[in-house]
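Asker: Please read through the structure below; I'll follow up with questions.
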Amino acid sequence: MRISLKYLLLVAPAALTIAVLFLYPLGFSLIAAFTDDAQRLTLAHFRKVYALYSTDFCLR
């Protein structure tokens with residue numbers, strides 16, 4: 001089955017919109033979650049969240 005160029009051009013604007021409005025912010029959020037201000041890998045953000053919210057949830 002061969003995909004026609006017409007169909008690819010029809011889907012391209014929707015795919016570009018999804019990439020710009022969803023995938024870019026998602027990627028940026030993931031990078032920001034795992035890096036500090038100096039762009040080094042860290043888990044400090046998750047440690048802070050755990051310290052703040054660990055008493056709010058009962059995990060049994």
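The values are calculated or read from the model by the stated rules, or taken from the named source; none is laboratory data. Just so we're clear, the structure is a prediction, and the values are computed from it rather than from any experiment. Heads up, the Cβs are rebuilt from the backbone with ideal geometry, glycines too, and the neighbour counts pull from every protein chain shown.
Asker: Quick check on my filter: what residues within segment 30-46 are of a type outside the set (Val, Ile, Thr) and surrounded by 10 or more Cβ atoms within 10 Å (Cβ to Cβ)? Spell out the reasoning first.
Answerer: The first filter runs over segment 30-46 and keeps only residues of a type outside the set (Val, Ile, Thr), leaving 30, 32-34, 36-41, 43-46.
Once the filter is applied, which keeps residues that are of a type outside the set (Val, Ile, Thr) and surrounded by 10 or more Cβ atoms within 10 Å (Cβ to Cβ), segment 30-46 yields Leu30, Ala32, Ala33, Phe34, Asp36, Leu43, Ala44, His45, Phe46.
Asker: Right, another one. What are the residues in segment 6-45 that are of a type outside the set (A, V, I, L, M) and in contact (Cβ under 8 Å) with a residue 12 or more places away in the chain, if any?
Answerer: His45
Asker: Further question: From the list Ala14, Ala51, pick out the single residue that is among the small types (Gly, Ala, Ser) and at pLDDT below 95. Show your work before the answer.
Answerer: Numbers: Ala14 fails: at pLDDT below 95.
After ruling out the rest, the residue left standing is Ala51.
Asker: Determine the pairs where a residue that is loosely packed, with under 10 Cβ neighbours inside 10 Å, located within segment 47-60, has a partner that is assigned to a loop (DSSP other than H, G, I, E, B) and at pLDDT below 80 with Cβ atoms under 7 Å apart, the partner being 6 or more residues away or on another chain.
Answerer: So the pair list comes out empty.
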